[in-house]
Structure formats: structure tokens, C-alpha cells
1. For Glu257, which sequence-distant residues (separation of 5 or more, or a different chain) have an amide H within less than 5 Å of its own amide H, given hydrogens modelled in the peptide plane?
2. Which peptide among 134-146, 9-21, 106-118 comes first, and what is the full order, when sorted by highest mean count of other Cβ atoms within 10 Å?
3. Given R₀ = 51 Å, what would the calculated FRET efficiency be for Val187 paired with Leu157, taking r from the Cβ atoms and rounding to 0.05?
4. For Ile141, which sequence-distant residues (separation of 5 or more, or a different chain) have an amide H within less than 5 Å of its own amide H, given hydrogens modelled in the peptide plane?
Amino acid sequence: MIATKLRYERVIELVEQLIADAGSAPGSRLPSRQQLAEMAGVSMISVRRALDELERAGRVTSHQGVGTFVARPRIVMEPGRTGPLLDTLRGDQAPPPLTTRMLELREGVPGTSIASALTLEPDERVWLVRRLRELGGVPAIVEQAVIPVALAPDLGLHEAELGLSLYGLLSREYGLDDDSEEQYLEVAQATRDEQRQLRLTHGARVVRLRGITSDRSGVPFDCFQQVYPADDFVFYVAGRTARRVFRGTEVRQWHVEPPGGADARAPVVSGDCPVNAAAAEVAR
């Protein structure tokens, strides 16, 4: 017995056929919802469900009051893979050129969760490094690294090198080698700063990845956060035994405060200062 397609499935098949027949490039506009309903001979309810399914799958993107468009192919990200950022990206095509924009570099005092994860006393100083990673000139990832000042005392003097490989710098200058990571991933609504930095619309969702990196001797040296537009990335994770330094419920207060409150000195770097880097050399 041949199963009969549901109405919304007929719409999905129609849209996929329209994209294939026209060889539509990302950003190409699709027929309106009313036109799709007439073409498929279904109700608007079926069209809405079909487009919702296609949007969740990353095939289309909808803008209220504007229309529905062919989406860019999602980038496959392997967050557990060590090495340069470009090595963690997967896809049918070579990734676009990668550049780094420094947003902030300063000393501060870690929040409770970060102090616990890095085994620091509450008043011990840390470096806060925030960077924006762009793929092909398009903002793609907002990164934050928190590193104990005691482990990298003069990190602020290496501002220019922070546009290249952060972990390469930590290994070369301070003997801190990326050996293991633990990660906590959640999907949430983008903050105002994330909307601005990643050029997202109000209400857009992001994937927020938080974690801790340890060296070969098990010393934790970086509490990191990476924020990705949820509609642009998918994530591939291969399991292995974890050290369980922290749990998902322990990632509250994932922030760094100025060491002296309102009287704290200005950050070493603050703003949107571009730092271009060769794609092969850029890492977390």
C-alpha cells in the first residue's frame, strides 16, 4: 500500500522542486504563501507548517512582511575538535576567508561560576578577551575567553597576536596547551549586544556554547563562550569520556567584572578594532 503524502509534505516537495528547477541561489525569493497554496492546492495552514519545517531544516528563511527566501547552506561545526577554527568547520565547499575583529581586552574579576571552574579565589584577576569572527566578511561567531592573569601575566602586551591563534599564543608564550575541553550548549534568544555584533533581527536565536579548556596536566586555563547564529550553523559532536570539571547547572554568572568597580581603569582594547588574520593561522 502506497502512503498518501500529507498536505504540508506536498508543499515541502513543491518548494524543493522550485529551488532545484530554478537553480536558486541563497537569497532568491520564493513565491508568496498564497501562491504556494494555489500551486499545491492546499490551505494556508498547510503552507505555514511546510515553511516552518523547511526553516527549521535550514532550507528557507522567512522575513515577516517581506517574504520567504532560499537560505544559505548551514555550516557544520565540530565544537569538540581541537585546532584552528577553520579546521572545525565542515561543508561541501571550502569555508570563506576568516578574519578576526577584536572587541575587548582587559583585566577583571571573574564571576562565581568562572572562578570555580578555573579554581581561582574570588578576587583573583583574569584576562577577558572578546573577539568577533567573520566568514567572508559576514559576522559569524562572537567569542569570549577568560584566562587567569597568574598563568598569562603579560597577555595584554600581545594585542596584535590575538588576531591570530589565541591558543597558539598561550602555548608558545606560557606553555598552556589545549588538551581537553568540556562544553555546555544551549539555544537562546540573542541579547541586544549579540544582535548588534552578529547583525541579527530582534528575537533571533543563537547557539551559546560555554566551556572550559585544560592543559595536559589537567590545569584549567580558559573559560570560554562562543555565540553562533542558530539559523546558520549545525553542530556535530562525537562523544568521549569527560572529566566533569563543571556541570550544566554551574554556568551561571559566566562574566567578568571590572576589578575596581566604577573607578576601574579603561580596557586595553575596547570597541570594534579590526584585526585581519590569515585563514590558516586563525584559531580559538
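Each value in this text was obtained by applying a stated rule to the coordinates, not by laboratory testing. Since the structure is predicted, the reported quantities are computational estimates derived from the model, not experimental observations. Glycine gets a Cβ as well: all are built from the backbone with ideal geometry, and neighbour counts include every protein chain shown.
1. The answer is Val109, Gly111.
2. 106-118, 134-146, 9-21
3. 0.85
4. Arg133
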